[in-house]
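Colleague: I have a structure here, written as structure tokens, and I will follow up with some questions on it.
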Amino acid sequence: MTNILAIDPGNTHSAYVIIDPATRRPVEHDKVHNDELLERISDFYGHVCIEMVASYGMPVGAEVFDTCVWIGRFIEAHAQITGATPTLVKRHPVKLHHCGSARAKDSNIVQALVDRFALGQPNRGKGTNAAPGWFHGFAADIWQAYALAVYVADVEVSP
């Protein structure tokens, strides 16, 4: 089984996580400038999934449209090299999968992930530099990229 690369896109920087789909363990994660991620995605031959923007009827700013452009660039970069189209997933199914509610907030998703993979571990499973935990180095958007990766591993990759 090949690794899964999940991207939480942004208008200038995007968070990504690569996981082992069998164990769901994070292999690599970071939040980088979109140009850097564009290079990385071109060299990745595993399963790629990207959080897709969804419309909820509210006005949006230029940042959302810039994010949409980057999503398209990520799709094209991966498809040109591998011939595969990344999986696009809206946030709604990820919330339902991890929390059982479409009203879940980021903090609810983080807690669901901690409960599943690092229950009872101090510091939300992050550990320390000397003794890194499951979620060592996780912050902000990296959590959401990881939630997406686990969702794809649970629903689309695993039998």
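Colleague: Could you put M52, M58 in order, starting from the residue whose Cβ has the fewest other Cβ atoms within 10 Å? Show your work: numbers first, answer last.
Modeller: Values: M52 15, M58 5.
Listing M52, M58 from fewest to most nearby Cβ atoms yields M58, M52.
Colleague: If you don't mind, another one. Determine ³J(HN,Hα), in whole Hz, for all residues of the range 81-96 in sequence, where each value follows from phi through the Karplus function 6.51 cos²θ - 1.76 cosθ + 1.60 and θ = phi - 60°; x replaces Gly and Pro.
Modeller: 3J(HN,Hα) across the range 81-96, in whole Hz: 7, 9, x, 9, 9, x, 7, 9, 10, 6, 5, 3, x, 5, 4, 4.
Colleague: Next question. Give, as a single signed number, the net charge of other residues whose beta carbon lies under 14 Å from the beta carbon of F117, with Lys and Arg counted +1 and Asp and Glu -1.
Modeller: Details: positive: R24, R25, R116, R124, K126; negative: D20, D115, D154.
It works out to a net charge of +2.
Colleague: Need one number: convex hull volume per residue for the chain, Cα atoms only, in Å³. List each step's numbers first, then the result.
Modeller: Numbers: hull volume 19.0 nm³, N = 159.
For the chain, the hull spanned by Cα atoms encloses 119 Å³ per residue.
Colleague: Just tell me the longest site-free run in the chain, where the sites are trypsin sites (Lys or Arg not before Pro) in a DSSP loop having at most 15 other beta-carbon atoms within 10 Å.
Modeller: Numbers: sites that count: R103, K105.
Free of exposed loop sites, the longest segment is 1-102.
Colleague: Going 7 Å from the Cα of K105 in the Cα-to-Cβ direction, what parts of the range 129-148 have a backbone nitrogen less than 17 Å from that spot?
Modeller: So the set is 140-141, 143-144.
Colleague: Got a sec to turn the phi values of the range 14-21 into Karplus ³J(HN,Hα) couplings, 6.51 cos²θ - 1.76 cosθ + 1.60 with θ = phi - 60°, whole Hz, x for Gly and Pro?
Modeller: Computed from phi, the couplings for the range 14-21 are 9, 8, 9, 9, 10, 10, 7, x Hz.
Colleague: Using the crude model of +1 on Lys and Arg Cβ and -1 on Asp and Glu Cβ, and no other charge, please compute the dipole size for the range 33-129 relative to its Cα centre, in debye to 20. Could the numbers behind the result be given before it?
Modeller: Details: 10 positive and 10 negative charges, 126 e Å.
It comes to approximately 600 debye.
Colleague: With unit charges on the beta carbon (Lys/Arg positive, Asp/Glu negative), name the residue among Y16, A6, S101 whose Cα is farthest towards the positive pole of the charge dipole of the chain.
Modeller: S101
Colleague: For E36 and N11, what does the FRET efficiency come to when R0 = 22 Å and r is the distance between their Cβ atoms, rounded to the nearest 0.05? Before the final figure, lay out the partial values.
Modeller: Values: r = 15 Å, r/R0 = 0.67.
Step by step, r from the Cβ atoms, then E = 0.90.
Colleague: If you don't mind, there's one more thing I want to ask. Amide H to amide H under 5 Å from I50: which residues, 5+ apart in sequence or cross-chain, H placed 1.01 Å off N in plane?
Modeller: Those lying under 5 Å, H to H, from I50 are I7, T87, L88, V89.
Colleague: Using each residue's phi in the range 145-153, evaluate 6.51 cos²θ - 1.76 cosθ + 1.60 at θ = phi - 60° and report the 3J(HN,Hα) Karplus result to the nearest Hz, with x for Gly and Pro.
Modeller: Karplus-based 3J(HN,Hα) across the range 145-153 equals 5, 5, 4, 5, 4, 5, 4, 5, 4 Hz.
Colleague: Further, regarding this structure: What's the exposure ranking of V89, V64, going from fewest to most Cβ atoms within 10 Å? Could you put the intermediate results ahead of the total?
Modeller: Numbers: V89 20, V64 12.
If I rank by nearby Cβ atoms, fewest first, I get V64, V89.
Colleague: Further question: In the Gaussian network model of the chain, springs joining C-alpha atoms below 10 Å, which of Y16, Y45, Y146 carries the largest mean-square fluctuation?
Modeller: Y45
Colleague: Give the residue from M52, W70, G127 lying farthest towards the positive end of the charge dipole for the chain; charges sit on Cβ (+1 for Lys and Arg, -1 for Asp and Glu) and the dipole is referred to the Cα centre.
Modeller: It is G127.
Colleague: Residue separation times 0.36 nm, minus the C-alpha to C-alpha distance between K90 and Q121: what's the value? Don't jump to the answer; show the numbers that get you there.
Modeller: Numbers: separation 31, 0.36 × 31 = 11.16 nm, distance 2.99 nm.
Stretched fully, the K90-Q121 segment lengthens by 8.2 nm.
We did not get these values from a lab; they are worked out from the coordinates using the rules stated. Keep in mind the model is a prediction, meaning the values are calculated, not measured. Neighbour counts are summed over all protein chains in view; Cβ atoms, including those assigned to glycine, are modelled from backbone coordinates with ideal geometry.
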